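Chemist: Please find one structure pasted underneath; my questions will follow.
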Amino acid sequence: MRRLLLFFILIISLKTSAQAPKKLSASEIYEKIEKLNFLGSVLYLAAHPDDENTRLISYFSNEKHARTAYLSLTRGDGGQNLIGSEIREKLGLIRTQELLAARRIDGGQQFFSRANDFGYSKNPEETLKTWNKEEVLSDVVWVIRNFKPDVIINRFDHRTPGSTHGHHTSSAILSVEAFDITKDKSVYPEQLEYTDAWQPERLFFNTSSWFFKNQEAFQKATKDEKYLTFDTGVYFPLRGLSNPEIASLSRSQHQSQGFGSTGSRGSQMEYLELIKGSQPASKEDIFSGINTSWSRLEGGAKIGEILIDVQDNFDFTDPSASLAELLKAYDLIQNLKDEHWKQIKTEEIKEIIEACAGLYIEAIAASEFASPGDQIKINIEAINRSTTEVKLKNLTLHPQNKIVEIGTTLQNNEDWQKSYEYQLDKDLEYTSPYWLNKEGSVGMYRVDDQKLIGNPATPHQTSVTFNMAINGTDIAFKKDIVYKYNDNVSGENYENFEIIPAVSVGFLEDVILFPNEKSKTIKVKVTAEKDNIQGKLKLNLPSEWQISPKSETVNLPQKGISLTYSFKITPPSEQSEIWINPQFEISGKIYKDEVSIIDYPHIPIQTLVIPAKLKLAKINIQKKGENIAYIAGAGDVVPESLRQIGYNVSVLSPAAINAKTLAKYDAVVTGIRAYNILEELRYKNAELMNYVKNGGTLISQYNKDRGVTVNQIGPYPFELSYDRVTEEDAEVSFVNPDSPALNSPNKITKSDFEGWVQERGLYFPHTWNENYQTVLSMHDKNEEATQGSLLIAKYGEGHYVYTGLSFFRQFPAGVAGSYRLFANLLSLGK
C-alpha cells in the first residue's frame with residue numbers, strides 16, 4: 001500500500017461561509033478516503049473554548065486520520081470580549097462559533113455540556129456546586145456514550161485542585177469519574193433510549209511544562225517511561241504546512257480572546273500520562289493494541305479490502321474511476337450490525353461518492369428569513385460532472401417530509417434547476433441557540449431535550465433530501481436549505497436560512513437608569529419581517545411607574561421596515577428596579593421577541609430570537625463634574641452607562657491624548673485592559689500622568705500583568721497579580737471608612753455591594769507604593785483578605801485611581817451600588 005500525504009489547500013476568506021456547499025479537490029477526496037479507512041476515535045476534554053490543544057487535535061485528525069473531537073464543558077460565556085461589546089450569553093455564542101471555525105481548520109468535531117461559564121472559580125468544590133455536578137457529569141457520560149471514543153485525553157490534572165482555574169480541574173475530575181461509569185447501564189439509564197453504554201480503552205492526561213515549576217522539572221519528569229511521547233511537528237508537503245502551523249490557524253479563530261497565533265515549524269513533542277485503562281504497547285501511539293481497521297466490525301473485513309484497494313489505486317486526475325468500488329463498499333456498509341459505525345461510515349462514504357461523481361446539489365431559499373406558516377420559494381440545483389449514470393428520483397422537503405417526484409437522469413455537466421413553492425409548518429420553532437431558549441441558573445443552561453445536549457448548535461429545521469440512484473445504487477443526500485446572494489465586492493455569499501417571528505420588537509437599551517425623579521424616554525424598535533404588519537404596541541409597568549402613551553398603533557406595510565416608538569417613563573420617588581417586556585398584538589397573538597444579529601467576519605452570521613427585556617432602575621445617586629473622557633480598552637459599555645447617569649462622555653483615541661484635549665475633562669477613564677492592547681499608551685501615558693498632576697482625576701480599570709505596554713501604569717509603582725474575588729456576594733469591609741470614595745457625593749454602605757453579578761473583581765494589584773491608599777477589603781471563602789481592589793493616590797493636584805472591581809460587568813446589569821461608587825471616584829477632587 002502506498003503512503004501518500006495529500007492535503008487540500010486551506011483557504012481562509014474574509015467572510016466565513018460554513019453554509020456553502022463543499023467542493024472537494026482530488027487531494028481532499030483522497031484524505032477523506034484515508035479517514036474512511038481508520039476506525040478509531042479520540043476525545044479531548046477540557047473546560048473552555050481555547051483550552052484545547054489544537055496541535056493534538058490536528059495531529060490525530062490529519063496525521064492519524066482518527067475521528068477526533070473536543071468536549072468543552074462551557075461555551076466561554078464568563079470571559080471578556082476583545083472584538084466587541086457582547087458579554088455573557090452572546091459572548092458564549094461567539095465563542096461557540098469560534099470553536100466550530102477552529103474545528104473546520106484542524107478537522108475535529110465539537111461538543112459542549114450544559115455548564116455555564118459563570119466566571120473564574122478558584123477550586124473545583126465551588127465549581128461543581130455552582131454547576132450542579134450531577135447534571136454536568138451526566139452530560140460528559142452522554143457525549144462519551146454517543147461519540148464512543150477509544151481514547152480520552154484530559155487537558156488538566158484531576159489530582160491538583162486549587163492550582164488552577166476551578167473549571168479546569170473540574171473538567172478532569174468529571175472525565176475520570178465518567179470513564180468508570182459510561183459502561184454501567186444503571187447510571188443515567190434514561191440516556192439508553194437514544195444511545196448505548198460504552199467503555200473507552202484509555203484515559204490520558206496531556207501534560208506540559210505549564211504544569212511544572214520550571215522546564216528542568218518538566219524534562220526530568222517526562223523521562224519516566226509512564227509517559228507516551230510523540231512528535232506532532234510533522235510536515236505535510238502537499239499542503240505546504242506543518243501540523244503546528246495548522247494548529248496555529250485553528251487557535252487563531254479565538255479572536256474574541258485575542259489568541260492570534262503565529263505558526264511554528266519543526267519538532268513539537270507531546271506528552272501523555274496514562275490515568276486509566278490499558279497501557280499501549282507502543283510509547284508513540286495511543287491506539288497501539290486497539291483494532292482501528294475495518295476488521296473490528298463483524299462483516300467489516302470485506303469492506304476494508306475494497307477501500308484499501310480504492311485508496312491504493314486512487315486516480316487524482318479522475319476520482320470518478322473509484323465510484324464502482326465505492327458503491328460496492330457503500331452497499332456492504334448498509335448491512336453492518338454495528339449501528340454506531342454504520343451511521344458514521346455511511347455519511348463519510350456518501351460525501352466521498354458525491355465528490356467523486358462531481359455532484360453539485362443545493363437548495364436555496366429566495367430570502368434569508370421566513371416565519372412559521374409562510375410560503376417560501378426554494379430553488380433546487382443538481383449537476384452531475386462525471387460520466388457516471390446519476391438519476392434524481394425525487395426530493396423530500398423537510399420538516400413536512402413532502403415528496404416531490406422528479407425522475408430525471410442528470411446528464412454529464414448539464415445543469416438541472418427547478419423552483420418550488422413550499423409551505424412552512426405553523427408550529428416551526430424560531431431560530432435561536434437551543435441552550436438559551438429556557439431560563440437557566442447561574443451555573444447551568446436548561447435543556448430539556450436529551451437529544452440536543454452536547455450539540456454545538458441548534459440543528460436546522462428546514463432541509464431537502466435528494467434521493468438519487470448512482471449506477472443503480474440508491475443514495476440519499478440531505479442538504480440544509482440556505483440563502484445565497486451575490487455581493488458586488490465579495491461575489492457569491494451563503495448564509496443560514498432562518499425561521500423568525502413575523503415581527504421583531506426590541507428595546508434600544510438593555511438598562512435605563514433614573515438617577516432622579518425626572519422622566520426618561522424609552523424607545524422600542526418594531527421591525528416587520530413580512531409584509532402588512534398591523535398591530536398594537538404596549539408596555540406593562542407596575543402602577544408606581546408612570547408611562548405615556550399607554551399604547552401605540554403600528555402599521556408596517558412592507559417587509560424590512562423598522563419604526564421606533566417612544567414612551568415617556570416616570571420613575572417612583574423611592575429606589576426601585578424592575579424588568580419590563582414589550583407586547584405587540586396582532587389579531588389576538590402576542591409577539592414579544594427580538595431578532596438579534598451577531599455579525600463578525602471570522603464566523604457565520606448568527607441569528608438569535610430571544611424575549612426582549614429592559615431593566616429600569618431608579619437609583620439614588622449624586623455626582624460632581626460633567627465631562628468625562630473615555631479611552632476604550634478591550635470592549636465594554638462603560639461610556640454608555642455613564643451617560644445614563646448624566647455624564648457627558650467623549651471616547652478618545654490614544655492619538656487625541658494631549659494636554660489641551662485632556663484639560664477639558666473633569667475625569668478620564670481607561671477601559672478594561674487598555675494598557676494590554678493599546679500600544680500607543682506607551683507614548684501617551686506621560687500625558688495622562690501630567691493631567692493628574694495638574695489637577696485631573698484618572699481612573700484605570702483592570703489590566704492583566706502580562707503584556708502591559710508601559711513600564712509603570714500609575715504615578716507610583718504597583719505590581720499586578722492574579723488576585724481576584726470570584727464570589728459576587730463576598731463580604732466587603734471598609735478599611736478606610738473616611739475616604740472620599742466612600743462618602744462624597746454618595747454615602748457608600750454595605751448595601752451598595754448587594755446584587756453584584758459574576759464576581760467582585762479581578763487582577764488586583766498584590767503590592768503597591770505607600771502613596772496609594774486602600775479603601776476596601778474582601779476575600780473569597782477560606783482565603784485571606786485582599787485590599788488591592790481599589791487603590792487611590794494623590795499625585796500633584798489631582799487623583800489617580802486603579803481598580804480591579806468589575807464595573808464593566810455591573811453596569812450592564814444595572815447594579816445601583818456600582819454606579820454610586822464609580823460616581824464617587826469620578827468626583828474625587830471636586
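Chemist: With the structure loaded, tell me whether Glu134 is modelled with pLDDT of 95 or more, in a helix (DSSP H, G or I) and surrounded by fewer than 22 Cβ atoms within 10 Å (Cβ to Cβ) or whether it fails that test. First the steps, then the outcome.
Modeler: Working: modelled with pLDDT of 95 or more: yes; in a helix (DSSP H, G or I): yes; surrounded by fewer than 22 Cβ atoms within 10 Å (Cβ to Cβ): yes.
It is true that Glu134 is modelled with pLDDT of 95 or more, in a helix (DSSP H, G or I) and surrounded by fewer than 22 Cβ atoms within 10 Å (Cβ to Cβ).
Chemist: Let me ask something additional. Could you pull out every one of the helices (runs of 4 or more DSSP H) wholly within the range 278-372 that has 3 or more residues that are under 36 Å from the mean Cα position of the chain (by Cα) and either charged (D, E, K, R) or closer than 25 Å to Thr409 by Cα (or both)? First the steps, then the outcome.
Modeler: Values: elements: 301-312, 323-333, 339-356.
Hits in the range 278-372: 339-356.
Chemist: Next question. Would you check if there is a residue in the range 195-210 being under 22 Å from Leu45 (Cβ atoms) and part of a helix (DSSP H, G or I)? Don't jump to the end; show me each part of the working.
Modeler: So in the range 195-210, the residues under 22 Å from Leu45 (Cβ atoms) come out as 195-210.
Imposing the further condition that a residue be part of a helix (DSSP H, G or I) reduces the set to 209-210.
Within the range 195-210 (the criterion being under 22 Å from Leu45 (Cβ atoms) and part of a helix (DSSP H, G or I)), the answer is yes, since at least one residue qualifies.
Chemist: So, one more: Of the residues that sit in the range 542-559 and are not in a strand (DSSP E or B) and not small (Gly, Ala, Ser), which one is farthest from Asp531 (Cα to Cα)? So that I can check it myself, show each step before the final result.
Modeler: Taking the range 542-559 as the starting set, the residues that turn out to be not in a strand (DSSP E or B) are 542-545, 549-550, 557-559.
From what is left, the residues that are not small (Gly, Ala, Ser) are 542, 544-545, 549-550, 557-559.
Numbers: Pro542: 34, Glu544: 38, Trp545: 35, Pro549: 26, Lys550: 26, Pro557: 6, Gln558: 4, Lys559: 5 Å.
So the residue we want is Glu544.
Chemist: Which count do you get for residues in the range 667-683 that are buried (at least 21 other Cβ atoms within 10 Å of the Cβ) and either under 21 Å from Gly798 (Cβ atoms) or more than 32 Å from the chain's Cα centre (by Cα) (or both)?
Modeler: 8
Chemist: Here's another thing I want to ask about it. Tally time: how many residues in the range 449-462 are out of contact with any helix residue (DSSP H, G or I) (no Cβ under 9 Å at 6 or more places or on another chain) and either more than 30 Å from Thr388 (Cα to Cα) or part of a strand (DSSP E or B) (or both)? Quick ask: steps written out before the conclusion?
Modeler: Going through the range 449-462, the residues out of contact with any helix residue (DSSP H, G or I) (no Cβ under 9 Å at 6 or more places or on another chain) turn out to be 451, 460-462.
Then drop every residue that is not either more than 30 Å from Thr388 (Cα to Cα) or part of a strand (DSSP E or B) (or both), which leaves 451, 460-461.
Summing the residues that are out of contact with any helix residue (DSSP H, G or I) (no Cβ under 9 Å at 6 or more places or on another chain) and either more than 30 Å from Thr388 (Cα to Cα) or part of a strand (DSSP E or B) (or both) in the range 449-462 gives 3.
Chemist: Name the residues in the range 235-257 that are surrounded by fewer than 17 Cβ atoms within 10 Å (Cβ to Cβ) and either touching a Ser or Thr at 6+ places or on another chain (Cβ under 7 Å) or small (Gly, Ala, Ser) (or both), would you?
Modeler: Of all residues in the range 235-257, those surrounded by fewer than 17 Cβ atoms within 10 Å (Cβ to Cβ) come to 235, 237-238, 240.
Scanning the range 235-257 gives Tyr235, Leu238, Gly240.
Chemist: Please verify whether Tyr716 is surrounded by fewer than 20 Cβ atoms within 10 Å (Cβ to Cβ) and more than 38 Å from the chain's Cα centre (by Cα), treating the condition exactly as stated.
Modeler: On the way: surrounded by fewer than 20 Cβ atoms within 10 Å (Cβ to Cβ): yes; more than 38 Å from the chain's Cα centre (by Cα): yes.
For Tyr716, the condition - surrounded by fewer than 20 Cβ atoms within 10 Å (Cβ to Cβ) and more than 38 Å from the chain's Cα centre (by Cα) - is met.
Chemist: Does Thr396 satisfy being touching a Lys or Arg at 6+ places or on another chain (Cβ under 8 Å), of a type in the set (S, T, N, Q) and on the phi < 0 side of the Ramachandran plot? Working first, answer last.
Modeler: Working: touching a Lys or Arg at 6+ places or on another chain (Cβ under 8 Å): yes; of a type in the set (S, T, N, Q): yes; on the phi < 0 side of the Ramachandran plot: yes.
Spelling it out, Thr396 is indeed touching a Lys or Arg at 6+ places or on another chain (Cβ under 8 Å), of a type in the set (S, T, N, Q) and on the phi < 0 side of the Ramachandran plot.
Chemist: Now a separate question. Mind telling me which of the residues Leu307, Leu297, Leu326 ends up being buried (at least 20 other Cβ atoms within 10 Å of the Cβ) and free of Cβ contacts under 8 Å to residues at least 40 places away in the same chain? Talk me through it step by step, then tell me what you get.
Modeler: Values: Leu307 fails: free of Cβ contacts under 8 Å to residues at least 40 places away in the same chain; Leu297 fails: free of Cβ contacts under 8 Å to residues at least 40 places away in the same chain.
Being buried (at least 20 other Cβ atoms within 10 Å of the Cβ) and free of Cβ contacts under 8 Å to residues at least 40 places away in the same chain holds for just one of Leu307, Leu297, Leu326, which is Leu326.
Chemist: Follow-up question, since we're still on this one. Six or more apart or on different chains, Cβ atoms under 7 Å: show the pairs whose first residue is in the range 505-527 and over 24 Å from Ser573 (Cβ atoms) and whose second is in a strand (DSSP E or B) and of a type in the set (Asp, Glu).
Modeler: Val505/Glu594; Gly506/Glu594
Chemist: Could you grab me the full set of residues in the range 768-796 that are within 30 Å of Asp117 (Cβ to Cβ) and of a type in the set (S, T, N, Q)?
Modeler: Ser777, Asn782, Thr786, Gln787, Ser789, listed by residue number.
Chemist: In addition: Please determine, by comparing only the residues of the range 198-215 that are touching a residue at least 12 places away in the same chain (Cβ under 8 Å), surrounded by fewer than 19 Cβ atoms within 10 Å (Cβ to Cβ) and of a type outside the set (Phe, Trp, Tyr), which one is nearest to Lys451 (Cα to Cα).
Modeler: So the first thing to find is which residues in the range 198-215 are touching a residue at least 12 places away in the same chain (Cβ under 8 Å), and the list is 198-208, 211.
Now narrow it down to the ones that are surrounded by fewer than 19 Cβ atoms within 10 Å (Cβ to Cβ): 198-199, 201, 208, 211.
Add one more test, that the residue is of a type outside the set (Phe, Trp, Tyr), and what stays is 199, 201, 208.
Values: Gln199: 20, Glu201: 25, Ser208: 35 Å.
So, considering only residues that are touching a residue at least 12 places away in the same chain (Cβ under 8 Å), surrounded by fewer than 19 Cβ atoms within 10 Å (Cβ to Cβ) and of a type outside the set (Phe, Trp, Tyr), the one nearest to Lys451 (Cα to Cα) is Gln199.
Chemist: Exactly one of (1) modelled with pLDDT under 95; (2) crowded, with 21+ Cβ neighbours inside 10 Å; (3) within 30 Å of Phe369 (Cβ to Cβ) is unmet by Pro582. Its number?
Modeler: All conditions are met except number (1).
Chemist: Also, I was wondering about something else. Report the residue count in the range 157-182 for those that are assigned to a loop (DSSP other than H, G, I, E, B) and closer than 14 Å to Asp117 by Cα. Step through it out loud before you land on a result.
Modeler: We begin by selecting, within the range 157-182, every residue assigned to a loop (DSSP other than H, G, I, E, B); these are 157-165, 180-182.
In the following step, the residues that additionally are closer than 14 Å to Asp117 by Cα were identified as 165.
Adding up the residues that qualify gives 1.
Chemist: Hey, another quick one. Please determine whether any residue of the range 115-125 is assigned to a helix (DSSP H, G or I), in the same structural domain as Pro244 (by TED's automatic domain parsing) and out of contact with any Cys (no Cβ under 9 Å at 6 or more places or on another chain). Walk me through it before giving the result.
Modeler: The first filter runs over the range 115-125 and keeps only residues assigned to a helix (DSSP H, G or I), leaving 124-125.
Of the ones still in play, those that are also in the same structural domain as Pro244 (by TED's automatic domain parsing) are 124-125.
So of that shortlist, the ones also out of contact with any Cys (no Cβ under 9 Å at 6 or more places or on another chain) come out as 124-125.
Yes, there is a match, as at least one residue in the range 115-125 is assigned to a helix (DSSP H, G or I), in the same structural domain as Pro244 (by TED's automatic domain parsing) and out of contact with any Cys (no Cβ under 9 Å at 6 or more places or on another chain).
Conditions tested, residue by residue: (1) at pLDDT below 95; (2) part of a strand (DSSP E or B); (3) crowded, with 19+ Cβ neighbours inside 10 Å.
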residue	(1), (2), (3)
Val464	no, yes, yes
Met468	no, yes, yes
Ile475	no, yes, yes
Tyr485	yes, yes, no
Val489	yes, no, no
Asn493	yes, yes, no
Pro501	no, no, yes
Ser504	no, yes, yes
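Chemist: Cβ contacts < 6 Å: first residue without any contact (Cβ under 8 Å) to a residue 60 or more places away in the chain, restricted to the range 276-288; second residue in a loop (DSSP other than H, G, I, E, B) and not small (Gly, Ala, Ser), any location; separation 6+ or different chain. Result?
Modeler: Every condition considered, the pairs that remain are Ser288/Pro280.
Chemist: Restricting the first residue to the range 160-172 and requiring it to be in contact (Cβ under 8 Å) with a residue 12 or more places away in the chain, which pairs with a second residue that is among the small types (Gly, Ala, Ser) and surrounded by fewer than 24 Cβ atoms within 10 Å (Cβ to Cβ) meet a Cβ separation below 9 Å and a spacing of at least six or different chains?
Modeler: That search, which allows pairs on different chains as well, returns His167/Gly78; Thr169/Gly162; Thr169/Ser163.
Chemist: Could you list, in sequence order, all residues of the range 463-513 that are among the hydroxyl-bearing types (Ser, Thr, Tyr) and under 27 Å from Pro557 (Cβ atoms)?
Modeler: Kept after step one, since they are among the hydroxyl-bearing types (Ser, Thr, Tyr), are these residues of the range 463-513: 463, 465, 473, 483, 485, 490, 494, 504.
The answer is Tyr483, Tyr485, Ser504.
Chemist: Same structure again: Just wondering, is there one or more residues in the range 86-97 that are assigned to a helix (DSSP H, G or I), touching a strand residue (DSSP E or B) at 6+ places or on another chain (Cβ under 6 Å) and touching a residue at least 24 places away in the same chain (Cβ under 8 Å)? Steps first, please.
Modeler: Residues of the range 86-97 assigned to a helix (DSSP H, G or I): 88-97.
Retained after the next criterion (residues that are touching a strand residue (DSSP E or B) at 6+ places or on another chain (Cβ under 6 Å)): 93.
Narrowing further to those that are touching a residue at least 24 places away in the same chain (Cβ under 8 Å): 93.
Yes.
Chemist: Moving on to the next point. Could we say that Tyr722 is touching a residue at least 24 places away in the same chain (Cβ under 8 Å), surrounded by fewer than 14 Cβ atoms within 10 Å (Cβ to Cβ) and either among the aromatic types (Phe, Trp, Tyr) or not assigned by TED's automatic domain parsing to the domain that holds Ser789 (or both) here? Step through it out loud before you land on a result.
Modeler: Values: touching a residue at least 24 places away in the same chain (Cβ under 8 Å): yes; surrounded by fewer than 14 Cβ atoms within 10 Å (Cβ to Cβ): yes; either among the aromatic types (Phe, Trp, Tyr) or not assigned by TED's automatic domain parsing to the domain that holds Ser789 (or both): yes.
So Tyr722 fits the description; yes.
Chemist: I need the strands (runs of 3 or more DSSP E) fully contained in the range 729-777, keeping only those with at least 2 residues that are within 36 Å of the chain's Cα centre (by Cα) and closer than 18 Å to Glu719 by Cβ. Write out each step before concluding.
Modeler: On the way: elements: 732-734, 761-768, 772-774.
Of the strands (runs of 3 or more DSSP E) lying wholly inside the range 729-777, those with at least 2 residues that are within 36 Å of the chain's Cα centre (by Cα) and closer than 18 Å to Glu719 by Cβ span 761-768.
Chemist: Condition (residue is on the phi > 0 side of the Ramachandran plot and small (Gly, Ala, Ser)) applied to the range 476-488: is it met by at least one residue? Spell out how you get there, then give the answer.
Modeler: Here is the first cut: in the range 476-488, the ones on the phi > 0 side of the Ramachandran plot are none.
No: zero hits.
Chemist: Collect the residues in the range 250-276 that are under 20 Å from Phe211 (Cβ atoms) and of a type in the set (Ser, Thr, Tyr), keeping them in residue-number order.
Modeler: Answer for the range 250-276, where residues must be under 20 Å from Phe211 (Cβ atoms) and of a type in the set (Ser, Thr, Tyr): just Tyr271.
Chemist: Are there any strands (runs of 3 or more DSSP E) wholly within the range 604-694 with 3 or more residues that are touching a helix residue (DSSP H, G or I) at 6+ places or on another chain (Cβ under 8 Å) and at pLDDT below 95, and if so which?
Modeler: Working: elements: 606-611, 614-618, 627-631, 648-651, 667-670.
By residue number, 606-611.
Chemist: Find the residue count for the range 329-351, including only residues that are loosely packed, with under 14 Cβ neighbours inside 10 Å and touching a strand residue (DSSP E or B) at 6+ places or on another chain (Cβ under 9 Å).
Modeler: Adding up the residues that qualify gives 1.
The values are calculated or read from the model by the stated rules, or taken from the named source; none is laboratory data. Here the structure is a predicted model, which means the values were calculated and not measured. Cβ sites come from the backbone with ideal geometry, for glycine too, and all protein chains shown count toward neighbours.
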